[in-house]
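Here the structure is laid out as structure tokens; the discussion comes afterwards.
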Amino acid sequence: MKKNKKRKKNNNRKNLLVLSIIIVLIMLVLLIFFSVYKIRPSIVKYSYSNSFNEDKTLNTTIKLNIFNNDKVYCKFISDTESDWILSENKKCTYGIKNGDYIIKIKYGNNKTVEYKKTFNINKILSIKINDNRKYVAVGKSFNINAEVEYVGNVDTKISYSSSNPDIVSINENGNVSARADGTVTISAKTSNKLEDKFELTSTSLIRPRRLDNDKQIVSCNAYSKEQVELLDAILKYEVDKAGPGTRAGVVAAATFLPLEFPYKIPYFYENGRLTEYGVRIVDGEGRWYHKGLYLGTDKENEVTQSFSGPSSWGCPLLNWEDDGSRKPGVYYPNGFDCSGYISWVLYNGGLDPGDYGSGISGSAPDLTDLGEVKTINYDLMHSGTVKPGDLIGWDGHVALIAWMTDTKIYVTESLLPGVVLDEYDYSSPYSRFYSRYDHIVDMSSQYSGEGNYPIIFE
């Protein structure tokens, strides 16, 4: 009996001990839970984006230590104050500028904690070469104008290099000099090894742009297929850069032959053209309504309808007109008549108006039908409505305004001497310009915009 009482007493003691341990454990768990719940979130890491925002801030991400499952919000305060930002994956991101910030963190039952941080970010973010032209004439020099984006105090020195200085050299200031024919890679590097680069082709097939109407006539078949393809690529690149179908795109095409191509395209009376129904009778004889330059036997093979040809520019072609100086039945170097040239310019500049002539008084469609015809006078020329890309001429002749300043106008056309670009002073009502041309065709309805005008003279 005594043994049973003793065993029962021991069991009670054990049960009481177990219960006590359970109570202590529960209290310990509750203590830990409430202690953790009361621990404030803290910032353990800052990281930065590799690019600026549009407002020149830099996205900065803070990583948080969070000790409960409640939602945590962040607010960034400097001279301005952000909205509350919900943290995701224990992170908050905001666009920062260098300076002093208060970072508020809201947690639990709208509890907040503040941290102060002075941001002093020293970081090079990017480098960009702005003047990354693709083709340049041998003998031409220019500056590539690279720009570095950065935050804070950094070494902004740029190191320039050329993959072959014998073809194209570049100095420490970014001044490029084209020395010989070939293609190189031009590079610009920052002090932290960020790099921008582009391929540059230096070629003697073109020249620095300048006024020169005394050039020699282009020789017959003087260019290889590869050279013609390169010339076509240069023309297309310059039009694309200016904007096909814009005024600038047509200006790029209009200035290519008279300023940049080293030889003159001769004048040639057309041996045939389109009928009023748009059916071509003769192609490539005084007219060349195609993309690119009509040079070489490969281009001649593109002609499907000819009368006396095919003959590419500069090659002998039988003439059928009689103007007193040029006789029918005589061979002259093939080239452009006036409307053939302007049609080529418009087409290569990104417009496709059709291959039409230059008359103004006839009933057949012609280039003057492309826009409103305005009589030239002093007031019109100073009204601000006349722009590069507008057509200009007189009855039976069409030309194109290639460029204008406040006092000068530059007109490109194909005349008996060949394709030329002439400068006229229109600042005086008595200048030769007003007696030479009598109308302008406003081409505003034809163009998609102004575009990016090329450098006219170098």
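The values are calculated or read from the model by the stated rules, or taken from the named source; none is laboratory data. Because the structure is a prediction, the values reported are computed rather than measured. With ideal geometry, Cβ positions are generated from the backbone for all residues, glycine too; neighbour counts draw on all protein chains shown.
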For this session: Determine, yes or no, whether Lys128 is farther than 30 Å from Ile102 by Cα, in contact with a strand residue (DSSP E or B) (Cβ under 8 Å, 6 or more places away or on another chain), of a type in the set (Lys, Arg) and modelled with pLDDT of 90 or more.
Result: yes
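From the set of residues in the stretch 81-132 that are among the hydroxyl-bearing types (Ser, Thr, Tyr) and without any contact (Cβ under 8 Å) to a residue 40 or more places away in the chain, which is surrounded by the fewest Cβ atoms within 10 Å (Cβ to Cβ)?
Quick first cut of the stretch 81-132, residues among the hydroxyl-bearing types (Ser, Thr, Tyr) only: 82, 87, 93-94, 101, 107, 112, 115, 118, 126.
Narrowing further to those that are without any contact (Cβ under 8 Å) to a residue 40 or more places away in the chain: 82, 87, 93-94, 101, 112, 118.
Details: Ser82: 16, Ser87: 20, Thr93: 16, Tyr94: 18, Tyr101: 20, Thr112: 12, Thr118: 8.
Per the stated criteria, the residue is Thr118.
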Exercise. Do we have Ile170 as outside the structural domain of Phe142 (by TED's automatic domain parsing) and over 21 Å from the mean Cα position of the chain (by Cα) here?
Worked result: no
Exercise. Quick one: in the stretch 260-279, which of the residues that are modelled with pLDDT of 90 or more, more than 13 Å from Leu317 (Cα to Cα) and of a type in the set (Phe, Trp, Tyr) is surrounded by the fewest Cβ atoms within 10 Å (Cβ to Cβ)?
Worked result: Tyr263
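Just one of Val282, Val218 is assigned by TED's automatic domain parsing to the domain that holds Val419, surrounded by 16 or more Cβ atoms within 10 Å (Cβ to Cβ) and aliphatic (A, V, I, L, M); which is it? If you could, list the steps in order and put the result at the bottom.
Numbers: Val218 fails: assigned by TED's automatic domain parsing to the domain that holds Val419.
Step by step, each of Val282, Val218 is checked, and only Val282 is assigned by TED's automatic domain parsing to the domain that holds Val419, surrounded by 16 or more Cβ atoms within 10 Å (Cβ to Cβ) and aliphatic (A, V, I, L, M).
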For this session: Answer yes or no: is there a residue in the stretch 373-380 that is free of Cβ contacts under 8 Å to residues at least 40 places away in the same chain and over 21 Å from Asp323 (Cβ atoms).
Result: yes
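Could you list, in sequence order, all residues of the stretch 297-353 that are within 31 Å of the chain's Cα centre (by Cα) and at positive phi?
Keep residues of the stretch 297-353 that are within 31 Å of the chain's Cα centre (by Cα), which gives 299, 339-353.
Hit for the stretch 297-353 is Gly350, nothing else.
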For this session: Have a look at Tyr341, Tyr356 and point out the one that is within 29 Å of Gln227 (Cβ to Cβ), in contact with a helix residue (DSSP H, G or I) (Cβ under 9 Å, 6 or more places away or on another chain), aromatic (Phe, Trp, Tyr) and buried (at least 20 other Cβ atoms within 10 Å of the Cβ).
Result: Tyr341
Seminar exercise, completed: Tyr424 fails exactly one of (1) touching a residue at least 40 places away in the same chain (Cβ under 8 Å); (2) over 17 Å from Val345 (Cα atoms); (3) surrounded by 13 or more Cβ atoms within 10 Å (Cβ to Cβ), namely (1)
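Taking the criterion of being touching a residue at least 12 places away in the same chain (Cβ under 8 Å) and under 23 Å from Tyr434 (Cβ atoms), would at least one residue in the stretch 343-350 satisfy it? Give the derivation first.
In the first step, residues of the stretch 343-350 are kept if they are touching a residue at least 12 places away in the same chain (Cβ under 8 Å); the result is 343-350.
Subsequent filtering for residues that are under 23 Å from Tyr434 (Cβ atoms) retains none.
No, there is no match, as no residue in the stretch 343-350 is touching a residue at least 12 places away in the same chain (Cβ under 8 Å) and under 23 Å from Tyr434 (Cβ atoms).
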Exercise. Does Thr255 count as at pLDDT below 95 and either out of contact with any His (no Cβ under 9 Å at 6 or more places or on another chain) or in a helix (DSSP H, G or I) (or both)?
Worked result: no
Problem set entry | Cross-chain or 6+ apart pairs with Cβ under 7 Å, the stretch 68-80 first and closer than 16 Å to Glu114 by Cα, then in a loop (DSSP other than H, G, I, E, B) and not β-branched (Val, Ile, Thr) | Val72/Pro41; Val72/Ser87; Tyr73/Trp84; Tyr73/Ser87; Cys74/Ser87; Lys75/Ser82; Lys75/Trp84; Phe76/Ser82
Exercise. Restricting attention to the stretch 94-153, which residues are β-branched (Val, Ile, Thr) and more than 30 Å from Asn173 (Cα to Cα)?
Worked result: Ile96, Ile102, Ile103, Ile105, Thr112, Val113, Thr118
